[in-house]
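The values are calculated or read from the model by the stated rules, or taken from the named source; none is laboratory data. The structure displayed is predicted, hence computed values, not measured ones. We place every Cβ from the backbone using ideal geometry, glycine too, and count neighbours over all the protein chains shown.
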Amino acid sequence: MRTYYRGPDAVVTTDIFVGNGAPRTKFAVRDLRNVCITHTDEEHLRPSAARSAVGLLTIALATVPLWLASPLLALTVIALGIPATAAAAMFWRLRPQRWELRATYRGTEVTLYTSADERVFNQVSRALRRAIENSRPPALWDDLAAA
């Protein structure tokens, strides 16, 4: 049995793939279908222009009662709130992205492997690609299409 990748969070051989997906189980390489790489950027969690506008509107509404009591305090809240909202949106965009290997295993969609480290993720995905290519039977010339 040839080992393509062995690390603390994944093992890829000619016969099995063991990743850090939930649940951590062994997958037979020959039974994996439709293996794909996805980028976990949850649309519902990403800050949008509308959410930023709601944040700024909340700051504005909070300062209205303060403006009546103390205009200086209201200006201070605005002066601190707007840069804080902009910084939060900027740091959200700079957070590490997570990459996933997904596949169909015996008719069930599974997550094989996830990682925020792009280098290690690429090593694992390349090892799995090589294992799948080497586990296939040799193709006949009749099955090949000209590019």
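Per-residue answers, yes or no, for (1) surrounded by 15 or more Cβ atoms within 10 Å (Cβ to Cβ); (2) assigned to a helix (DSSP H, G or I); (3) in contact (Cβ under 8 Å) with a residue 40 or more places away in the chain:
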residue	(1), (2), (3)
Pro65	no, yes, no
Val77	yes, yes, no
Ala87	no, yes, no
Met90	no, yes, no
Thr111	yes, no, yes
Leu128	yes, yes, yes
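Please find, within region 1-36, the residue that is modelled with the lowest pLDDT out of those that are among the aliphatic types (A, V, I, L, M) and out of contact with any strand residue (DSSP E or B) (no Cβ under 6 Å at 6 or more places or on another chain).
So in region 1-36, the residues among the aliphatic types (A, V, I, L, M) come out as 1, 10-12, 16, 18, 22, 28-29, 32, 35.
Now drop any that are not out of contact with any strand residue (DSSP E or B) (no Cβ under 6 Å at 6 or more places or on another chain), which leaves 22, 28.
Numbers: Ala22: 61, Ala28: 91.
Of everything passing the filter in region 1-36, Ala22 is modelled with the lowest pLDDT.
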